[in-house]
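Peer 1: Quick one: the structure is below, questions incoming.
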Amino acid sequence: MLNAAKQLSNQVTNSLKRTTRYKRFKKKGEQKYSKRDFINKSLSHMVTALGGKNLLKNNTPACSGQFNIDTATEGFKIYKKMENCYENITDSCTMGTNTAANKDIIDKCDTDLKKLQKDWVTCINKDDPCTCVGDFTNQKNRIKACNTDTQKLESKVKKEFSNVCKINFGSCKTLEDDSIGYVSKCHTSSAHLKKVLGKLYTAKDKMNKVTTKAKKFTGQERKR
């Protein structure tokens, strides 16, 4: 009976370690979730750098006032990915295992197993532990249930955090880092953009005048 009790005690210890890890992964997921709007400031800088909301809405980004250049196109791709970050992090870091029901399971196991662990230590330190081992082994069904539940929930929350939440959050952090170069290179102020557009309109106006004069000249030549 003493050996059986020792095996159950090992299960208690391992289950308690899993409840701790479950809470740790759960907390990390909640922390990532609470920071999901970190990208917004960088996203705003990218909007300004690439020419403003109207240009981006029309899929015509600018870089330093220039259109149809590779840097503007590449920056626009980064911007479009950044736009999805808030929603992606919200979805992935909510984590399906982070429910009130699962929290209740973990908390109850944590409370029950800590009491059993304390009782076990008290028991084995007695002169004759055989007098109390039976009380401990009588809890084997509860110990095994917690062993099963903590294994299942810890495994799930670990996968949800490490394989989904953490990866999506990290990808958005990388996008934020990548955006810095484009903000630095492409900063397109409204004044600069107006200046560039003014030059384009002036050039167009000159071209129209030249075309009009050419038509008049051609018409006069034909009359002669």
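The values are calculated or read from the model by the stated rules, or taken from the named source; none is laboratory data. Small disclaimer: the values here were computed from a predicted structure and weren't measured. Positions of Cβ are backbone-derived with ideal geometry, glycine not excepted, and every protein chain shown enters the neighbour counts. Accessible surface is based on the protein model in full, side chains and every heavy atom, while ligands, DNA and RNA are left aside. Shrake-Rupley method; radii C 1.70, N 1.55, O 1.52, S 1.80 Å.
Peer 1: Among Lys28, Lys41, Lys23, Lys17, which is part of a helix (DSSP H, G or I) and farther than 27 Å from Leu113 by Cα?
Peer 2: That would be Lys41, the only listed residue that is part of a helix (DSSP H, G or I) and farther than 27 Å from Leu113 by Cα.
Peer 1: Under the condition of being among the aromatic types (Phe, Trp, Tyr) and closer than 15 Å to Ser179 by Cα, which residue from segment 30-80 is surrounded by the fewest Cβ atoms within 10 Å (Cβ to Cβ)?
Peer 2: Only one residue tops the list, namely Phe38.
Peer 1: Looking only at helices (runs of 4 or more DSSP H) that fall completely inside segment 45-94, which ones have 1 or more residues that are more than 24 Å from the chain's Cα centre (by Cα)?
Peer 2: 53-57, 70-83
Peer 1: Which one of Arg18, Arg24 is without any contact (Cβ under 8 Å) to a residue 24 or more places away in the chain and among the basic types (Lys, Arg)?
Peer 2: Matching residue, one of Arg18, Arg24: Arg24.
Peer 1: Same structure again: Determine whether segment 152-169 contains at least one residue that is acidic (Asp, Glu), in a helix (DSSP H, G or I), in contact with a Lys or Arg (Cβ under 7 Å, 6 or more places away or on another chain) and farther than 17 Å from Asn10 by Cα. Lay out the reasoning, then the answer.
Peer 2: Initial filter on segment 152-169 (acidic (Asp, Glu)): 154, 160.
Narrowing the set further to residues that are in a helix (DSSP H, G or I) leaves 154, 160.
Retained after the next criterion (residues that are in contact with a Lys or Arg (Cβ under 7 Å, 6 or more places away or on another chain)): 154.
Within this subset, residues satisfying the condition of being farther than 17 Å from Asn10 by Cα are 154.
So far as segment 152-169 goes, yes, one or more of its residues are acidic (Asp, Glu), in a helix (DSSP H, G or I), in contact with a Lys or Arg (Cβ under 7 Å, 6 or more places away or on another chain) and farther than 17 Å from Asn10 by Cα.
Peer 1: Right, next: Would you confirm whether any residue within segment 87-106 is at positive phi and open to solvent by 70 Å² or more (accessible area, probe 1.4 Å)?
Peer 2: No: zero hits.
Peer 1: Looking at segment 132-150, can you tell me whether even one residue there is farther than 30 Å from Gln7 by Cβ, open to solvent by 50 Å² or more (accessible area, probe 1.4 Å) and in a loop (DSSP other than H, G, I, E, B)?
Peer 2: No, segment 132-150 contains no residue that is farther than 30 Å from Gln7 by Cβ, open to solvent by 50 Å² or more (accessible area, probe 1.4 Å) and in a loop (DSSP other than H, G, I, E, B).
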